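> One structure coming up, written as structure tokens, with questions to follow.
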Amino acid sequence: MTRRRALGLALEILVPVLILIAWQLWTAHAHTFKFPRLSTILVDFRHEYLFAKFGSDVIPSLERIFAGFGIATVAGVALGVPLGMSTTLRRFAIPHVEYWRAMPPPALLPISIILLHSIQNRQKIAFIAFFCLFPVLLNTMDAVRAIDPTLIDTARSYRVPWHQRILRLVLPSALPQIIAGMRNSLALAVIMMVLSEYWSSSSGVGYQLLISKNTFQFGPMWAAIILIGLLGYLLNVLFVLFEHRVLAWHRGWRAATPQ
Amino acid sequence: MLAPEQLADATGSGALAAAPAPRFRVSPAGVLIPTVSVAASLGLWELISRTNTISQHDLPAMSTSFSALWTLVQTGAFWTAFARTVRGWALGLAIATALAVPIGIVLGSFDLAGRAFRVPIEFLRPIPSAVLIPVLFLTLGTNLKSEVFLATFGAFWPLLVQTMYGVRDVDPLALDTGRSFGLSALERLTRITLPSCVPYIATGVRISSTVSLILAFTAELFMGIPGLGQKVNFASSFGQTDQVFAYAIAVGFLGLAIHLLFSALERRALRWHPSQRRGTS
């Protein structure tokens, strides 16, 4: 069994390394300018993003991601709690929520530019926030709906005021699922950042991707692709760590509850 | 692309926890209130535009947008574009399913295979598929192949991960029982593993159906591949704002139709599942 586990670990490390080596060897032999060598890409990556264009392009992209994600989270929870608690409000909102969540985001790129008269942060953040809203909103709504009605009734019969009920009962009960929604939103925020910057902008990693492609600088283009991949990966890792901390009480509670 | 909703289920109660429930039951109020709500918001849109609260140049009135859509749907060009988008979506979803389900079953069944590809999958999954657009420009070109590749790439990951989770969740007792009754590996696959996975795969297909449409449309919009996305691109380049809105409305309805269809399919697949579980344990 231990031999098997050691083999598993070895494979886990070896396979990614082999893939990278294969990429390097293939690009070295292919001699095509569209696929520069992996080593060339990494040199370009260091040259471009460590840290020449970090302040001018990476930071603005991160700002847009976090601003849009932050607005979406606050709005999603603020809307999701009342929608989860009231059937009437939910019936009122459902057609809109279902329609907009199913809308392919790029369809609204031109509209967001026309309506906001901007291709700067205002339009980018609004676009990111709009589409990141739905995972948080839907998860909050469903989580609030799923709270045991006995708990709410008990709190009510003990005359716990409504704002205390929301703060101490509804939000903590819904938190695990809200955070699940936030994780989806964060992944979505990276995608929306790339789409909106690639469509029209004057800074950001999506803009660098577009410019390097249009000027046939394929090393920097691949470097931008790797950067965006790393960004998506690292933000997800950071969020998992955050989730682990915030939900520590929840895991302890679940572990103590007999299933 | 989109992280699978089910994986993000922090409650740890398994990949099926976030299955969508019907959000309202049919009752007089359940029909009336949504209808009033839609009518009110359409009216508000008309009002905002007609009173020039937002200039009509930027926000064409609701009636203008819908009449532009009405004019469009009477043209053959609209339906050709529509059919092309649907074709890109369907091919992307079909190819992704054909690839992700078998690969997911292999990676889910064999622990070593799963571990070997864990890191590449974890790294590739969160990458926004849109970054591949420049590469597709250079390699496959502005044609259906690029569109289908992009849609397939995006739709592949949620399906793969869902299938892997589904296979790992198969009741080991059922597999052992099958083995001791002398079922061959193939029979165990078709009679135990696959049926147990169906709900997970259905959830994956629902998520991927949306992702595939988004990416088919994205490819058309950004790369100028014929379809609704290309039409939006043209309309926006020529400043035909009413058409930009009309196409957005149409794409929204296409997305809604796909979402409702696959949610219904998923509910069907799930209805079967709990009863089966109760029977075996």
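> Place a +1 charge on the Cβ of each Lys and Arg in the protein assembly as shown and a -1 charge on the Cβ of each Asp and Glu, then give the dipole magnitude about the Cα centre in debye, rounded to the nearest 20. Working shown, then result.
Values: 43 positive and 25 negative charges, 218 e Å.
So the dipole magnitude of the protein assembly as shown works out to roughly 1040 debye.
> Among the listed pairs A:K53/B:K231; A:K213/B:K145; A:K34/A:K124, give every one whose C-alpha distance is greater than 28 Å.
Violating the 28 Å Cα-Cα cut-off are A:K53/B:K231; A:K34/A:K124.
> Please rank B:C197, A:C132, fewest neighbouring Cβ atoms within 10 Å first, as an exposure proxy. Display every interim value, and only then the final one.
Numbers: B:C197 25, A:C132 29.
With the fewest neighbours first, B:C197, A:C132 line up as B:C197, A:C132.
> Here is a follow-up. Based on the alpha carbon coordinates of the stretch A:9-114, what radius of gyration and maximum Cα-Cα distance (Dmax) apply, in Å?
My reading of the Cα-based Rg and Dmax gives 23.0, 65 Å.
> Where Rh is the Kirkwood radius over the Cα pairs of the protein assembly as shown, the temperature 4 °C and the viscosity 1.567 mPa s, what D in µm²/s does Stokes-Einstein return?
Numbers: Rh = 25.0 Å.
The calculation lands on 52 µm²/s.
> Any idea what the alpha-carbon Rg over 2.2 N^0.38 Å comes to for the stretch A:53-175?
Numbers: Rg = 17.9 Å, N = 123, 2.2 N^0.38 = 13.7 Å.
The value comes to 1.30.
> Normalise the Debye intensity by I(0) for the stretch A:15-62, one equal point scatterer per Cα, no solvent, then take log10 at q = 0.21, 0.23 Å⁻¹ and round to two decimals.
Per q value, in the given order, log10 I(q)/I(0) is -0.76, -0.80.
> Say a site is exposed when it is one of the chymotrypsin sites (Phe, Trp or Tyr not before Pro), sits in a DSSP loop, and has at most 15 other Cβ atoms within 10 Å; what is then the longest site-free stretch of chain A? Spell out each step's value before the answer.
On the way: sites that count: A:F33, A:F51, A:Y158, A:F216.
Within chain A, the longest run free of exposed chymotrypsin sites (Phe, Trp or Tyr not before Pro) spans A:52-157.
> Relative contact order (percent) for chain B, with alpha-carbon contacts under 8 angstrom and 6 or more residues of separation?
Values: 327 pairs, mean separation 70.9, N = 281.
Contact order relative to length: 25 percent.
> Give me the net charge of B:I121's neighbourhood, meaning all other residues with Cβ under 15 Å from the Cβ of B:I121; Lys, Arg count +1, Asp, Glu -1.
Values: positive: B:R115, B:R118, B:R125, B:R168; negative: A:E12, B:D111, B:E122.
Cβ neighbours under 15 Å give a net charge of +1.
> So what's the gap between the Cα centers of the stretch B:183-197 and the stretch A:114-165, to the nearest angstrom?
One Cα centre to the other: 42 Å.
> OK, next. Please work out, to two decimal places, the log10 of the ratio I(q)/I(0) at q = 0.08, 0.09, 0.16, 0.18 Å⁻¹ from a Debye calculation in which every Cα of the stretch B:63-280 carries one identical scatterer.
With one equal scatterer per Cα and no solvent, log10 I(q)/I(0) is -0.37, -0.45, -1.05, -1.21.
> Express the C-alpha Rg of the stretch A:35-247 as a ratio against the empirical globular expectation 2.2 N^0.38 Å, rounded to two decimals. If you can, show how the numbers build up before the last one.
Details: Rg = 20.5 Å, N = 213, 2.2 N^0.38 = 16.9 Å.
Normalised Rg, Cα atoms only: 1.21.
> What is the sum of charges around A:F127, taking Lys and Arg as +1, Asp and Glu as -1, for the other residues whose C-beta is under 13 Å from the C-beta of A:F127?
On the way: positive: A:R64, A:R122, A:K124; negative: A:E197.
Residues close to A:F127 contribute a combined charge of +2.
> Let me ask something else about it. Can you work out D for the stretch A:151-244 in µm² s⁻¹ from Stokes-Einstein, where Rh is the Kirkwood radius over C-alpha pairs, the temperature is 37 °C and the viscosity is 0.692 mPa s?
Values: Rh = 16.3 Å.
Translational diffusion coefficient: 201 µm²/s.
> How would you rank A:R159, A:R165, going from fewest to most other Cβ atoms within 10 Å of each one's own Cβ?
Details: A:R159 7, A:R165 17.
Arranged by neighbour count, lowest to highest, A:R159, A:R165 become A:R159, A:R165.
> B:A61: net charge of surrounding residues, Cβ under 14 Å, Lys/Arg +1, Asp/Glu -1, itself excluded?
-2
We did not get these values from a lab; they are worked out from the coordinates using the rules stated. Computed from a predicted model, the values in this text were never measured in an experiment. Quick reminder, even Gly has a Cβ in these numbers, built from the backbone with ideal geometry, and neighbours come from all protein chains shown.
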